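Reviewing the structure listed below.
Since every read-out is calculated from the coordinates, none of them should be taken as a lab result. These figures come from a predicted structure and were not determined experimentally. No Cβ is skipped: glycine too gets one built from the backbone with ideal geometry, and neighbour counts run over all protein chains shown.
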Amino acid sequence: MNKLELLRTFVRVTELSSFTGAGESLGLPRSSVSEHVQALEELLGTRLLQRTTRKVQATQDGRVLYERSKDLLAHMDELEGLFRQDEAQLSGRIRVDLPNVMARDLILPRLPEFMDAHPLIELEISTTDRQVDLLAEGFDCVLRVGAQPDQTVVARWLCSMPMINCVSAGYRQRHGVPETLEDLAHHQLVHYVRPLGSRSTGFEYQQGDKVHRVPMAGRVTVNSTDAYKSACLGGFGITQVPVLGIRDLLASGELVAVLPDYPAPALDVSLLYAGQRHLPQRVRVFMDWLAATLQARL
């Protein structure tokens, strides 16, 4: 049995803490995953994984092997492509997570360009507004908007998205619009939090290098960008959103800009990945394409 394949299977089981999840990721039945791990343990003469009915966890020897295996597999990926001059020959699977709106409006419409240029690459695309665990969930790279608190991964800054305050035309008709910060006390804010149950920061605005926050009332709280825009269109209050996502609604008059002198801080857009030495060439090429695509549109 191919020893590298045994290591790949072991690494995926360790990252996902699941034989079933690793099988789904690798396109293998759970029985084959179990056989690979068992064969590797017999080959090395040590137990690598502690199995219970609820959890799969690496032993001390397993953790050591996991760290060494990631480097070895990354080096093998590099060697496979070392002498290829044509990037169209890059092959393999890339798993990526993208924010919903950016995936729908910016990336997926342009994705055929990348796929046509690299016909042997397969993509697994997750679209969500939650902050996925890049390492635990087995993503090669993650596109994120906003602050990046995770210090265990590398963040490649791409660009910033300017923000705008807006309300729906219906809200303006019923309640008017704020002309000053003091007017906010008489208006509603659509609150965006992640996750639900956490405290909203209120209305944010930046002056110089300082960010100010104004607590505001609001009857609706959401945790996804699609719901946030829909709540604004429904007339539930003020939202603070990237200009990119609502240009067409501003042009049509469905949304109206308010308090233009008090925009929220621009949102940074970053690509997260596990580290340069663990990055196969196909992932680097995809990340470069993704960065160029976004920077041309934002």
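Descriptive notes on the structure:
- Rounded to the nearest 5, the antiparallel percentage of DSSP beta bridges internal to the chain is 70%.
- Cut-off under 5 Å, modelled amide H: who pairs with Gly235 long-range: Ser168
- Cα gyration tensor shape for the stretch 163-265, rounded if a/c is under 1.5, else prolate or oblate: rounded
- Note, ³J(HN,Hα) from phi for the stretch 13-27, Karplus 6.51, -1.76, 1.60, rounded to Hz, x at Gly and Pro: 4, 5, 5, 9, 6, 7, 5, 5, x, 5, x, 5, 5, 8, x
- Förster-model FRET efficiency, 30 Å R0, Gln148 and Thr46, C-beta, rounded to 0.05: 0.25
- Under a Gaussian network description of the chain, with springs only between Cα atoms under 10 Å, the residue in Pro195, Pro242, Pro280 that fluctuates furthest is Pro195.
- Degrees, to the nearest 10: 30-44 long Cα axis against longest axis of the chain: 50
- Anisotropy class of the stretch 16-78 from Cα gyration tensor, a/c 1.5 cut: oblate
- Of Lys70, Lys229, Lys55, the one that fluctuates the most in a GNM where the chain has Cα springs shorter than 10 Å: Lys55
- For the chain, lysine pairs separated by 8 or more sequence positions, or belonging to different chains, with Cα-Cα distances below 27 Å total 4.
- Residues whose placed amide H lies under 5 Å from that of Val258, excluding near-sequence neighbours: Asn165, Cys166, Val167
- Between the helical axis of 60-81 and the longest alpha-carbon principal axis of the chain there is an angle of about 90 degrees.
- Contour minus Cα-Cα distance for Asp288 and Asp116 (0.36 nm per residue): 60.4 nm
- Seen from all directions on average, the chain presents a Cα convex hull projection of 18.8 nm².
- Loop-located GluC sites (Glu not before Pro) across the stretch 122-172 with a Cβ neighbour count of 15 or fewer within 10 Å are Glu137, with loop assigned by DSSP.
- Placing dummy labels 7 Å off each Cα toward the beta-carbon, the span from Leu250 to Arg297 is 1.8 nm.
- Put simply, when 260-270, 93-103 are sorted by average Cβ atoms within 10 angstrom per residue, most first, you get 93-103, 260-270.
- Under Karplus coefficients 6.51, -1.76 and 1.60, residue-wise ³J(HN,Hα) of the stretch 91-105 in Hz, glycine/proline x: 9, x, 10, 10, 10, 9, 10, 10, x, 3, 5, 5, 4, 5, 8
- Under 5 Å, built H, 5+ apart or other chain: amide partners of Cys141: Arg95, Asp97
- For Asp129, net neighbour charge (Lys/Arg +1, Asp/Glu -1) across residues whose Cβ lies under 9 Å away: +1
- Calculated from backbone phi, Karplus (6.51, -1.76, 1.60) coupling profile of the stretch 157-172 in Hz, x at Gly/Pro: 5, 10, 5, 10, 10, x, 10, 9, 9, 8, 9, 7, 4, x, 5, 4
- Arg54/Ala227 FRET efficiency (R0 35 Å; Cβ-Cβ; nearest 0.05): 0.60
- Residue separation of Arg63 and Asn2 scaled by 0.36 nm, minus their Cα-Cα distance, works out to 19.8 nm of gained length.
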